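Remarks on the structure that follows.
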There are 2 protein chains.
Amino acid sequence: MRGFINIVTIVLLLGTLASSQHPILNLTAEEVTEINGSLGSVPLFDQQLEVVKSQVDAAIAGGIDVPIPKDMAGGYTHGKHKENYKLMQKAGNLYQITGDESYAAFVKEMLMEYAEMYPNIGRHPANKSYATGKIFWQCLNDANWLVFTSQAYDCIYDYLTESERNKLEADLFIPMADFLSIENPRFFNRIHNHSTWANAAVGMIALAMDNDSLLQKALHGMEDDGIDPNEVDNDGGYIKREGVYQAGFFAQLDFAFSPDGYFAEGPYYQRYAIFPFLAFSYALHNSKPELDIFNYRDAILKKATHALLLLTDGKGNFFPVNDAMKGMSYQAYELITAVDIIYSLDANDELLLDWAALQDQVTLNGAGFITAKALMDHTPKLPAKISQNFNDGVDGTEGGVTVLRNGGLEVLFKYSTQGMGHGHFDRLSYGMYDDSGEIIQDYGAVRWVNIDQKAGGRYLPENKTFGKKTIGHNALVVNRQSHFNSQVKEADDNHPDFLYSDFSDSQVNMVSAIEKNAYDNTDMQRTLFLIDDDSSESTIMIDVLQATSTQANNYDLPMWFTGQFLKGNIDCPKSLTMLSPLGEDDGYQHIWKESSCKLTEDNYQFNWLTNLRFYSATFVAEQGDQVILGRNGANDPNFNLRPDPVIIHRRDGVKSTTFLTMVESHGQYSSVTEIPINPYPKYHKLRLDYDKDGYIMCSFESDDTEWQLLYCSTSTDETKQHKIKVDGESYKWTGVYQLTKNSK
Amino acid sequence: MRGFINIVTIVLLLGTLASSQHPILNLTAEEVTEINGSLGSVPLFDQQLEVVKSQVDAAIAGGIDVPIPKDMAGGYTHGKHKENYKLMQKAGNLYQITGDESYAAFVKEMLMEYAEMYPNIGRHPANKSYATGKIFWQCLNDANWLVFTSQAYDCIYDYLTESERNKLEADLFIPMADFLSIENPRFFNRIHNHSTWANAAVGMIALAMDNDSLLQKALHGMEDDGIDPNEVDNDGGYIKREGVYQAGFFAQLDFAFSPDGYFAEGPYYQRYAIFPFLAFSYALHNSKPELDIFNYRDAILKKATHALLLLTDGKGNFFPVNDAMKGMSYQAYELITAVDIIYSLDANDELLLDWAALQDQVTLNGAGFITAKALMDHTPKLPAKISQNFNDGVDGTEGGVTVLRNGGLEVLFKYSTQGMGHGHFDRLSYGMYDDSGEIIQDYGAVRWVNIDQKAGGRYLPENKTFGKKTIGHNALVVNRQSHFNSQVKEADDNHPDFLYSDFSDSQVNMVSAIEKNAYDNTDMQRTLFLIDDDSSESTIMIDVLQATSTQANNYDLPMWFTGQFLKGNIDCPKSLTMLSPLGEDDGYQHIWKESSCKLTEDNYQFNWLTNLRFYSATFVAEQGDQVILGRNGANDPNFNLRPDPVIIHRRDGVKSTTFLTMVESHGQYSSVTEIPINPYPKYHKLRLDYDKDGYIMCSFESDDTEWQLLYCSTSTDETKQHKIKVDGESYKWTGVYQLTKNSK
């Protein structure tokens, strides 16, 4: 406790002695002058101003409520405090932009109520978090509060008297900054989105108060945190990252993103994490330009913003890998802030302007003003999106994700690191999307965020027992067991490897990755080819999944197709009068077994209809293979799972083997014209003609064309010549693969 | 066969002797002149012209194919012939409007191919219809072909030489008209949408050929059809309607619609049926103005068009009662045609212009041109929709449907006649909708129209075993048996009765109807009150379902809510490891039983989330009541059913009883902000305070208000004074009901 008292003393001294310009965090005095002089002439900004005004005016009319903290997420006090900090931030901006003192008075009055309450409350009564907060059930939300409130305080700083400021700082801000750091080192000193919020909260209130000692702590972390390396958080993630001793904001910038701007937990959490990165950086950019924060680590925040925007499907929703809620999109306020701030730093980044035009909203700060102004002279087009790799790991060598985009389809291939506590055990899985939505889904998290009825909006038990399990993904399950036997530590310690990708051919885009650690004695390599057949409306994905094993295994390859099963080429009738779960654990216990049969033909082919589009999948069958049709919802006492369908290709009792699958997008339907266009696939007769020593030859055909794919999965040398002999005939090619199409 | 030969002879004579103006069916020469002079000045018409041009140009470039008929709906030959007649009709219009002879040549060439083929084909090989066609598997599609082709022929009539016309008429049109009438009396001489198509087909080709004898047959039917009154069609509907001996187009106009323009099969089929009504009437309007056809039966076609438009939900989709496919809407070409034709007859009908503006398409005829021109000076608004009754039966006394619209909700209450072979056994059922879609659904038909994988697009077996059954609807099931024991004949012979409705109060709209024949010894009355609580965001529906019986019954009241079950106030856990069907027949065999429990509280209340909206339902429970949660899909070998959820309120072993249910719309959620607004209902403590001699008193409350509903279900006298004594206290009111709200 000695250290604590010392820091408080220093802070109080600094707080009263220092003097600096305000506002400086989210707006500067110069920006305020310019915005003020341009009101009424920048339509999107004016429009936003009106929206925010009417929100805050209504809140002022409704009166202030600062309730004693009590509820979990989804409950009243949680919602109210969340609303309060957002309102204060908005009112602060409004005060600066309009000069109307009623907004400043509103912020002041609310802050004073918080300053009255804060010294008298202990930790939140819920006590459900590894880092319980005071205003909220977790420190994370308290940090959210302080990030937003710092901006509000900064805006009304000069409106307050010195004694008012002293009271707020002594009773509220400094105790809260200390609570979020010294008193909660597990929360403050991690490399994690939680700590990014903590660092930003402490750093931003430090800037607002001009408190350098707090600022240094925010930037560089606490030296001695005494955290046990085996401690975990609520999501099962480790507090400490092996080999990483740094902490604080710079360490987050150093370690949170890969060099490509990818965030290991996936885009849903990256969206959440990027806000404190940007809000704090923007404040530093304004107040400490010498740090040149937006160029830090080769402009990592710009890369992270672009990565986020490009990790969206055709509807603009983030690919829902790992713990992710569906429907979160580029329209989130974090992305609006990100687009505006990053654009304001580089007026040449027209891609961001295209995104800003789609968002049709801006933030009420200088960056938003610049963006809104630029949009007045900008003819927006749909933001360009192409196939792209995003590496993972701090140095970019720990796998990653690839988006294949071709022929109207998007495939997100995942070979990234585990993503800590929010990671799923789904090495080499993929999801498929078209502009109507999900075609082959990633389930996302079993959670209903902020919906009180569902355990207060927290992660539900089925997230662990199903959501994270391998069978819940489009990933290979060996011996009915999840990757890494569902051990986060082992999974975090090992990553898949990127092998090769080629996006240079407009007809086919491809990517390959390998995973050697998910199972003992069994390696997996998956290669996806996304083929746009110009001569038809079809787009084809060829999925080559090679399992190499020294032992006989039972393999399951699930495909979580969305929508309505239409028909298969083998009669595989549904269970009529009884359903049982597919298994007893590892996620299988949550799947009702609806249908299963032995595959008697060389190919199993079925069609489904989703979002009024027709899709088909073709599996190459080996002797003894089965398909199983299932549906989510067994062992789900509280109706937490969605009743989604899955088809599983099962191959039992073999050592090394290759699963060859073709997915074809071929047609559409209209409920108004009732006309189906191309309800049946164009391609069939999928054959694995050769599969030896890493060499694959496969073929498929339509009524008038024959296609052949030659592929060497073991070399990435683009100049190497390959030759295989199949049924006495020689096939030669140069480089990793060769795809040929011939008329019949 | 003697009659057949005679008619052909007369027709040939008339065909060669007569001479009249062309075009006259879908366009007139005067209209052509006017349109021609205005090209480039009426944007919507010009735009439509370009769309159609590019379609037809592409077809001309692609070449003509008139394949030998072979396939069912969904197959190639079916689709091709359907495409062909639509193309011919479009090309005919284009020829007239643009004067470009290549369009006429295209129609001529295609017609000649049909004339070559037609004499050489017999009945369609599928042989699956009660009236098998020649070009298609059913006469119905052949009639579609002839309706469209008549318009095409009329457009190029003057382009053809006399000998070309003679060939087409002798080899194609007259044999086809005879085939659709004389050779298929069951198809031609019914009161049914099939016969409307048949009458229109024969009548329109008669007008195109100026063949009066065929025209008379089309207008007045065949006198002697020799049909057995017990014959049924493929849908189980009776060919003949009891007591109706008329046939032909006038008889369709007389019997198809109720005086309010409602069509007994429901809006989905009304949409399908209205096209031949309008296409033929428009041709008669142009060529036989003396018939004054659009004023026939008090302008029944105008009423039918308005009824159709008003029987749509907030998204413009038809309420899917009876055999209906979901998603069919005001955007269907039949409705575009209807809106344009009816508007062109009455320029004061601004409501239709609002619909035309929403459609943003017009037909390529004089009516479409008038509509497009009128839209240039029209400021469109959302078409007005209010609560409304639509009576059923030829004289309007056989029940009907009511749309209640209040507080953002729409409820379609169904107490109409059976609707012949396409009717469902769901007396007094309802569906609930908001502007996001279905909240409490009507399942519609178990069918995937035109999707070949699903039995060629035909009705599936589960339509009979589930789709039509009472348990598949939001309707009361007595003793686990469907209404009328699923007998179409009995159901057709009996109708529910409308009792009372009141839409005069903006706070509450209500309707009541009664059904006395669905079960022996048990009558049902249902009264729905849709209440807009101005003081909150809630809208409430109070559902009073009174069953009056002389015997003890087992009652099931299903509610097919859509979306995700969130939580109930009683712990009613889901079956974990085994699912069985809810019963063995009458639709129960298709529902997996997921959960059930005895109701131990006075109220069972649960919430669900659908389309990001929060809803709750509250059931008043009596001693011994149960709730059952189920899901569709048992005994469904071919995955024909959607896996939709249902909750059933079960009350067994009682005689007369009242089910009192409250449904509340109270909140919404955003996947982007993740903020739930009002996730919990405002209202609770639903009580049935009094239930005797047809008098009902019920009450419910929020935290700050108490509501009371006093209702006399046995009198519709609005001036009558009522008095009941409840727990020693007297309650008085005047008229059918009284709703009061008091602060606590």
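The values are calculated or read from the model by the stated rules, or taken from the named source; none is laboratory data. Given the structure is predicted, the values throughout are model-derived calculations rather than measurements. Heads up, the Cβs are rebuilt from the backbone with ideal geometry, glycines too, and the neighbour counts pull from every protein chain shown. Side chains included, ligands, DNA and RNA excluded: accessible areas come from the protein's heavy atoms. Shrake-Rupley method; radii C 1.70, N 1.55, O 1.52, S 1.80 Å.
Values computed for the structure shown
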item: Residue that is surrounded by the fewest Cβ atoms within 10 Å (Cβ to Cβ), among those in segment A:542-567 that are hydroxyl-bearing (S, T, Y) and within 19 Å of A:I628 (Cα to Cα); result: A:T562
item: Residue match in segment B:476-488 (condition: closer than 21 Å to B:M662 by Cα and within 24 Å of the chain's Cα centre (by Cα)); result: yes
item: Check on B:D533, touching a residue at least 24 places away in the same chain (Cβ under 8 Å), under 30 Å from B:I677 (Cα atoms) and away from chain A (no Cβ under 14 Å); result: yes
item: Count of residues meeting criterion [touching a residue at least 60 places away in the same chain (Cβ under 8 Å), surrounded by 23 or more Cβ atoms within 10 Å (Cβ to Cβ), within 13 Å of another protein chain (Cβ to nearest Cβ) and in contact with a Lys or Arg (Cβ under 9 Å, 6 or more places away or on another chain)] in segment A:318-331; result: 2
item: Which numbered condition A:I182 misses (of (1) out of contact with any Pro (no Cβ under 6 Å at 6 or more places or on another chain); (2) open to solvent by 10 Å² or more (accessible area, probe 1.4 Å); (3) in a helix (DSSP H, G or I)); result: (3)
item: Strands (runs of 3 or more DSSP E) fully within segment A:536-635 counting 1 or more residues that are over 32 Å from the mean Cα position of the chain (by Cα) and closer than 15 Å to A:Y680 by Cα; result: A:564-568, A:603-610
item: Subset tally (residues that are over 21 Å from A:D636 (Cβ atoms) and surrounded by 19 or more Cβ atoms within 10 Å (Cβ to Cβ)) for segment B:568-589; result: 4
item: Filter result for the condition that a residue is over 30 Å from A:S163 (Cβ atoms) and either open to solvent by 10 Å² or more (accessible area, probe 1.4 Å) or among the aliphatic types (A, V, I, L, M) (or both), over A:V202, A:V232; result: A:V232
item: Any hit, segment A:655-674, residues being in contact with a helix residue (DSSP H, G or I) (Cβ under 9 Å, 6 or more places away or on another chain) and in contact (Cβ under 8 Å) with a residue 40 or more places away in the chain; result: no
item: Subset of segment A:544-590 [more than 10 Å from every other protein chain (Cβ to nearest Cβ) and either in contact with a His (Cβ under 6 Å, 6 or more places away or on another chain) or under 23 Å from B:Q589 (Cβ atoms) (or both)]; result: A:L557
item: Members of segment B:656-674 that are within 10 Å of chain A (Cβ to nearest Cβ) and hydroxyl-bearing (S, T, Y); result: B:Y669, B:S670, B:S671, B:T673
item: All positions within segment B:339-350 that are touching a residue at least 40 places away in the same chain (Cβ under 8 Å) and either open to solvent by 50 Å² or more (accessible area, probe 1.4 Å) or within 14 Å of chain A (Cβ to nearest Cβ) (or both); result: B:L345
item: Verdict on B:A131 being surrounded by 21 or more Cβ atoms within 10 Å (Cβ to Cβ) and assigned to a loop (DSSP other than H, G, I, E, B); result: yes
item: Residue check for B:L358: within 14 Å of another protein chain (Cβ to nearest Cβ) and open to solvent by less than 10 Å² (accessible area, probe 1.4 Å); result: no
item: Some residue of segment B:63-82 being of a type in the set (A, V, I, L, M, F, W, C), away from chain A (no Cβ under 14 Å), part of a helix (DSSP H, G or I) and open to solvent by 30 Å² or more (accessible area, probe 1.4 Å); result: no
item: All positions within segment B:631-650 that are within 12 Å of B:C597 (Cα to Cα) and crowded, with 23+ Cβ neighbours inside 10 Å; result: B:I647, B:H649
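Every residue, every condition in (1) part of a loop (DSSP other than H, G, I, E, B); (2) surrounded by 21 or more Cβ atoms within 10 Å (Cβ to Cβ), yes or no:
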| position | (1), (2) |
| --- | --- |
| B:G667 | no, yes |
| B:T673 | yes, no |
| B:P679 | yes, yes |
| B:D689 | no, no |
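Yes/no matrix, rows are residues, columns are (1) under 23 Å from A:I677 (Cβ atoms); (2) in contact with a Ser or Thr (Cβ under 9 Å, 6 or more places away or on another chain); (3) modelled with pLDDT of 95 or more; (4) of a type outside the set (G, A, S):
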residue: B:A61; (1), (2), (3), (4): yes, no, yes, no
residue: B:G74; (1), (2), (3), (4): yes, no, no, no
residue: B:H81; (1), (2), (3), (4): yes, no, yes, yes
residue: B:Y85; (1), (2), (3), (4): yes, yes, yes, yes
residue: B:M112; (1), (2), (3), (4): no, no, yes, yes
residue: B:K134; (1), (2), (3), (4): no, no, yes, yes
residue: B:N141; (1), (2), (3), (4): yes, no, yes, yes
